[in-house]
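For reference, the structure is listed below as C-alpha coordinates.
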Amino acid sequence: MRKKIIAGNWKMFKTAPEAVELVEGLKKELAGMNAVDVVVCPPFVHLSKAVEILSGSGIAVGGQNLFWEDSGAFTGEISGTMLTSYGVKYVIIGHSERRQYFGETNETVNKRLRAALKNGLKAIVCVGENLAEREGGKTFDVVQDHVKGSLAGLTKEDMLKVTIAYEPVWAIGTGKTATSAQAQEVHAFIRDILQKMFDKATADATRIQYGGSVKPENAAELMSQKDVDGALVGGACLKADSFTAIVKNSVPNS
Ligand code: PGA
(Lines give C-alpha, C1' and ligand atoms only; values in the text may rest on other atoms or scores of the structure.)
Protein backbone atom coordinates (compact mmCIF):
# COMPACT_ATOMS: atom_id res chain seq x y z
CA MET A 1 0.00 0.00 0.00
CA ARG A 2 1.37 3.37 -0.97
CA LYS A 3 0.79 6.07 1.63
CA LYS A 4 -1.07 9.03 0.13
CA ILE A 5 0.77 12.32 -0.26
CA ILE A 6 -1.14 15.60 -0.41
CA ALA A 7 0.89 18.69 -1.25
CA GLY A 8 -0.27 22.30 -1.37
CA ASN A 9 1.31 24.45 -4.05
CA TRP A 10 0.72 28.05 -2.95
CA LYS A 11 2.15 29.43 -6.21
CA MET A 12 2.71 33.22 -5.91
CA PHE A 13 0.14 33.91 -3.21
CA LYS A 14 0.18 35.24 0.38
CA THR A 15 1.92 38.14 2.08
CA ALA A 16 3.94 37.58 5.27
CA PRO A 17 1.03 37.85 7.74
CA GLU A 18 -1.29 35.87 5.48
CA ALA A 19 1.31 33.11 5.20
CA VAL A 20 1.67 32.86 8.98
CA GLU A 21 -2.10 32.70 9.40
CA LEU A 22 -2.45 29.90 6.85
CA VAL A 23 0.45 27.85 8.21
CA GLU A 24 -0.84 28.20 11.76
CA GLY A 25 -4.29 27.14 10.63
CA LEU A 26 -2.87 24.07 8.92
CA LYS A 27 -0.84 23.16 11.98
CA LYS A 28 -3.92 23.35 14.15
CA GLU A 29 -5.94 21.12 11.84
CA LEU A 30 -3.38 18.67 10.54
CA ALA A 31 -0.57 18.24 13.08
CA GLY A 32 -0.03 14.56 13.80
CA MET A 33 -2.04 13.45 10.76
CA ASN A 34 -0.03 10.28 10.24
CA ALA A 35 -2.31 8.54 7.77
CA VAL A 36 -1.22 10.87 4.96
CA ASP A 37 2.02 12.67 4.11
CA VAL A 38 1.19 16.38 4.09
CA VAL A 39 3.47 18.89 2.36
CA VAL A 40 3.11 22.68 2.28
CA CYS A 41 4.91 24.54 -0.53
CA PRO A 42 4.83 28.32 0.01
CA PRO A 43 6.88 30.88 -1.96
CA PHE A 44 10.59 30.95 -1.04
CA VAL A 45 10.30 34.00 1.21
CA HIS A 46 7.91 32.18 3.56
CA LEU A 47 9.83 28.90 3.82
CA SER A 48 11.85 29.71 6.92
CA LYS A 49 8.78 30.83 8.86
CA ALA A 50 6.76 27.83 7.67
CA VAL A 51 9.47 25.41 8.83
CA GLU A 52 9.63 27.18 12.17
CA ILE A 53 5.88 27.05 12.77
CA LEU A 54 5.45 23.47 11.53
CA SER A 55 8.39 22.04 13.42
CA GLY A 56 7.31 18.85 15.23
CA SER A 57 3.87 18.82 13.54
CA GLY A 58 4.66 16.08 11.03
CA ILE A 59 3.77 18.46 8.19
CA ALA A 60 6.67 18.86 5.76
CA VAL A 61 7.65 22.03 3.92
CA GLY A 62 8.64 22.19 0.25
CA GLY A 63 9.97 24.76 -2.20
CA GLN A 64 8.35 25.41 -5.58
CA ASN A 65 11.58 25.29 -7.57
CA LEU A 66 15.37 25.24 -7.21
CA PHE A 67 18.40 25.96 -9.37
CA TRP A 68 20.82 23.16 -10.27
CA GLU A 69 24.04 24.79 -9.03
CA ASP A 70 24.70 24.88 -5.26
CA SER A 71 25.96 28.47 -5.30
CA GLY A 72 27.34 31.08 -7.71
CA ALA A 73 26.56 34.23 -9.64
CA PHE A 74 22.96 33.34 -10.55
CA THR A 75 20.96 36.38 -9.52
CA GLY A 76 17.48 35.56 -8.33
CA GLU A 77 17.98 31.83 -8.04
CA ILE A 78 17.73 29.53 -5.00
CA SER A 79 19.76 26.35 -4.55
CA GLY A 80 19.11 22.96 -3.01
CA THR A 81 21.75 23.59 -0.35
CA MET A 82 19.88 26.74 0.68
CA LEU A 83 16.56 24.89 0.89
CA THR A 84 17.92 22.06 3.04
CA SER A 85 19.76 24.52 5.29
CA TYR A 86 16.33 25.88 6.26
CA GLY A 87 14.89 22.44 7.01
CA VAL A 88 12.96 22.23 3.75
CA LYS A 89 12.37 18.58 2.79
CA TYR A 90 10.61 18.68 -0.57
CA VAL A 91 10.72 20.61 -3.81
CA ILE A 92 8.28 20.84 -6.73
CA ILE A 93 10.04 20.59 -10.09
CA GLY A 94 8.80 21.27 -13.62
CA HIS A 95 5.36 22.62 -12.79
CA SER A 96 3.48 23.39 -16.01
CA GLU A 97 3.48 27.11 -15.17
CA ARG A 98 7.27 26.98 -15.16
CA ARG A 99 7.26 25.06 -18.43
CA GLN A 100 4.81 27.60 -19.91
CA TYR A 101 6.14 30.95 -18.60
CA PHE A 102 9.76 30.34 -17.62
CA GLY A 103 11.15 28.21 -20.41
CA GLU A 104 11.37 25.01 -18.38
CA THR A 105 12.12 21.94 -20.52
CA ASN A 106 12.62 18.25 -19.77
CA GLU A 107 16.34 18.93 -19.80
CA THR A 108 16.19 21.71 -17.17
CA VAL A 109 13.71 19.68 -15.12
CA ASN A 110 16.18 16.80 -15.15
CA LYS A 111 19.05 19.09 -14.05
CA ARG A 112 16.99 20.51 -11.21
CA LEU A 113 15.85 17.04 -10.18
CA ARG A 114 19.43 15.74 -10.00
CA ALA A 115 20.41 18.76 -7.90
CA ALA A 116 17.47 18.15 -5.56
CA LEU A 117 18.39 14.49 -5.08
CA LYS A 118 22.08 15.30 -4.62
CA ASN A 119 21.04 17.60 -1.77
CA GLY A 120 18.80 14.99 -0.14
CA LEU A 121 15.54 16.70 -1.08
CA LYS A 122 12.44 14.74 -2.02
CA ALA A 123 11.08 15.88 -5.37
CA ILE A 124 7.60 16.26 -6.81
CA VAL A 125 8.07 16.13 -10.57
CA CYS A 126 5.18 17.48 -12.65
CA VAL A 127 4.09 16.13 -16.00
CA GLY A 128 0.97 16.61 -18.11
CA GLU A 129 -0.56 17.57 -21.43
CA ASN A 130 -2.27 20.84 -22.38
CA LEU A 131 -5.73 21.15 -23.93
CA ALA A 132 -4.57 21.18 -27.56
CA GLU A 133 -2.46 18.10 -26.92
CA ARG A 134 -5.36 16.28 -25.23
CA GLU A 135 -7.78 17.21 -28.01
CA GLY A 136 -5.20 16.24 -30.62
CA GLY A 137 -4.95 12.74 -29.12
CA LYS A 138 -1.40 13.35 -27.93
CA THR A 139 -1.86 12.89 -24.17
CA PHE A 140 0.09 9.66 -23.90
CA ASP A 141 2.92 10.86 -26.14
CA VAL A 142 3.35 14.07 -24.13
CA VAL A 143 3.17 12.33 -20.76
CA GLN A 144 5.66 9.71 -21.88
CA ASP A 145 8.02 12.41 -23.16
CA HIS A 146 7.78 14.33 -19.87
CA VAL A 147 8.29 11.25 -17.69
CA LYS A 148 11.19 9.83 -19.69
CA GLY A 149 12.89 13.19 -20.22
CA SER A 150 12.48 14.39 -16.64
CA LEU A 151 13.68 11.14 -15.05
CA ALA A 152 16.49 10.40 -17.53
CA GLY A 153 19.54 8.82 -15.94
CA LEU A 154 17.99 8.32 -12.51
CA THR A 155 18.58 5.12 -10.56
CA LYS A 156 16.06 2.98 -8.71
CA GLU A 157 17.46 4.36 -5.45
CA ASP A 158 16.90 7.91 -6.71
CA MET A 159 13.26 7.03 -7.37
CA LEU A 160 12.66 6.36 -3.67
CA LYS A 161 12.73 10.14 -3.27
CA VAL A 162 10.61 11.04 -6.28
CA THR A 163 6.87 11.58 -6.47
CA ILE A 164 5.30 12.21 -9.88
CA ALA A 165 2.46 14.70 -10.18
CA TYR A 166 0.22 14.16 -13.20
CA GLU A 167 -1.33 17.54 -13.87
CA PRO A 168 -3.32 17.94 -17.06
CA VAL A 169 -2.74 21.61 -17.85
CA TRP A 170 -6.36 22.08 -18.98
CA ALA A 171 -7.49 21.17 -15.47
CA ILE A 172 -5.21 23.56 -13.58
CA GLY A 173 -7.02 26.53 -12.09
CA THR A 174 -9.90 26.06 -14.50
CA GLY A 175 -12.35 24.28 -12.24
CA LYS A 176 -12.34 21.53 -14.87
CA THR A 177 -11.15 18.38 -13.11
CA ALA A 178 -10.16 15.28 -15.02
CA THR A 179 -12.67 12.54 -14.28
CA SER A 180 -11.38 9.89 -11.95
CA ALA A 181 -11.32 7.49 -14.90
CA GLN A 182 -9.25 9.93 -16.99
CA ALA A 183 -6.81 10.36 -14.11
CA GLN A 184 -6.57 6.62 -13.44
CA GLU A 185 -5.92 5.89 -17.11
CA VAL A 186 -2.92 8.22 -17.26
CA HIS A 187 -1.63 7.21 -13.82
CA ALA A 188 -1.63 3.54 -14.85
CA PHE A 189 0.18 4.53 -18.05
CA ILE A 190 2.83 6.39 -16.03
CA ARG A 191 3.30 3.38 -13.77
CA ASP A 192 3.82 1.26 -16.84
CA ILE A 193 6.52 3.64 -18.10
CA LEU A 194 8.22 3.49 -14.69
CA GLN A 195 8.22 -0.29 -14.86
CA LYS A 196 9.91 -0.17 -18.26
CA MET A 197 12.44 2.46 -17.17
CA PHE A 198 13.26 0.89 -13.79
CA ASP A 199 11.49 -2.28 -12.60
CA LYS A 200 8.16 -3.45 -11.21
CA ALA A 201 9.09 -2.88 -7.58
CA THR A 202 10.08 0.73 -8.32
CA ALA A 203 6.92 1.31 -10.37
CA ASP A 204 4.77 -0.13 -7.58
CA ALA A 205 6.47 1.95 -4.90
CA THR A 206 6.45 5.32 -6.68
CA ARG A 207 3.64 7.65 -5.68
CA ILE A 208 1.76 9.39 -8.47
CA GLN A 209 -0.29 12.43 -7.45
CA TYR A 210 -3.09 13.97 -9.46
CA GLY A 211 -3.25 17.75 -9.78
CA GLY A 212 -5.77 20.08 -11.43
CA SER A 213 -8.77 21.62 -9.65
CA VAL A 214 -8.69 19.17 -6.73
CA LYS A 215 -11.31 20.25 -4.19
CA PRO A 216 -12.79 18.80 -1.00
CA GLU A 217 -15.77 17.58 -3.07
CA ASN A 218 -13.81 15.57 -5.62
CA ALA A 219 -10.79 14.43 -3.55
CA ALA A 220 -12.27 11.20 -2.22
CA GLU A 221 -13.41 9.99 -5.64
CA LEU A 222 -10.04 10.78 -7.26
CA MET A 223 -8.06 9.24 -4.40
CA SER A 224 -10.11 6.04 -4.53
CA GLN A 225 -8.56 5.20 -7.89
CA LYS A 226 -6.02 2.39 -7.79
CA ASP A 227 -3.07 4.37 -9.13
CA VAL A 228 -3.87 7.80 -7.68
CA ASP A 229 -1.66 8.20 -4.63
CA GLY A 230 -2.37 11.75 -3.59
CA ALA A 231 -2.88 15.26 -4.90
CA LEU A 232 -0.97 18.39 -5.76
CA VAL A 233 -3.40 21.13 -4.84
CA GLY A 234 -3.27 24.75 -6.03
CA GLY A 235 -6.26 27.04 -5.46
CA ALA A 236 -7.87 24.94 -2.73
CA CYS A 237 -4.69 24.89 -0.61
CA LEU A 238 -4.88 28.63 0.04
CA LYS A 239 -7.45 28.21 2.79
CA ALA A 240 -6.77 26.01 5.81
CA ASP A 241 -10.27 24.54 5.86
CA SER A 242 -10.38 23.44 2.23
CA PHE A 243 -6.84 21.99 2.26
CA THR A 244 -7.62 20.19 5.51
CA ALA A 245 -10.81 18.75 4.03
CA ILE A 246 -8.89 17.47 1.00
CA VAL A 247 -6.32 15.79 3.24
CA LYS A 248 -9.02 14.21 5.40
CA ASN A 249 -11.16 13.15 2.43
CA SER A 250 -8.19 11.46 0.80
CA VAL A 251 -8.16 8.67 3.37
CA PRO A 252 -11.37 6.83 4.15
CA ASN A 253 -12.46 6.88 7.81
CA SER A 254 -10.05 9.57 8.95
P1 PGA B 1 -5.24 24.02 -9.07
O2 PGA B 1 -3.65 23.96 -9.31
O3 PGA B 1 -5.54 23.06 -7.93
O4 PGA B 1 -5.53 25.45 -8.71
O5 PGA B 1 -5.89 23.59 -10.32
C6 PGA B 1 -2.96 22.74 -9.23
C7 PGA B 1 -1.50 22.97 -9.54
O8 PGA B 1 -1.19 23.79 -10.42
O9 PGA B 1 -0.61 22.36 -8.91
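Brief remarks on what is shown
- Close Cβ contacts (under 6 Å, 6 or more residues apart or on different chains) running from residues in the range 23-34 that are in contact (Cβ under 8 Å) with a residue 24 or more places away in the chain to residues that are acidic (Asp, Glu) and open to solvent by less than 50 Å² (accessible area, probe 1.4 Å) are absent.
- Pairs with Cβ under 6 Å, 6+ apart, first in the range 209-225 and under 9 Å from residue 177 (Cβ atoms) and more than 10 Å from the ligand (Cβ to nearest atom), second in a strand (DSSP E or B) and open to solvent by less than 10 Å² (accessible area, probe 1.4 Å): 222/210
- Number of positions in the range 86-101 that are out of contact with any Lys or Arg (no Cβ under 6 Å at 6 or more places or on another chain), within 13 Å of the ligand (Cβ to nearest atom) and not in a loop (DSSP other than H, G, I, E, B): 7
- Subset of the range 58-85 that is polar (S, T, N, Q) and closer than 15 Å to residue 126 by Cβ - its residue that is nearest to the ligand (Cβ to nearest atom): 64
- Within the range 35-87, tally of residues that are in contact (Cβ under 8 Å) with a residue 60 or more places away in the chain and open to solvent by 50 Å² or more (accessible area, probe 1.4 Å): 1
- First in the range 229-251 and closer than 13 Å to residue 218 by Cα, second anywhere and part of a loop (DSSP other than H, G, I, E, B) and within 14 Å of the ligand (Cβ to nearest atom), Cβ under 6 Å, 6 or more apart: 231/214; 233/214; 236/215
The values are calculated or read from the model by the stated rules, or taken from the named source; none is laboratory data. As the structure is a computational prediction, the values presented were derived from the model and not from experiment. Heads up, the Cβs are rebuilt from the backbone with ideal geometry, glycines too, and the neighbour counts pull from every protein chain shown. Please note that ligands, DNA and RNA were not included when accessible areas were found on the heavy atoms of the full protein model with its side chains. Shrake-Rupley method; radii C 1.70, N 1.55, O 1.52, S 1.80 Å.
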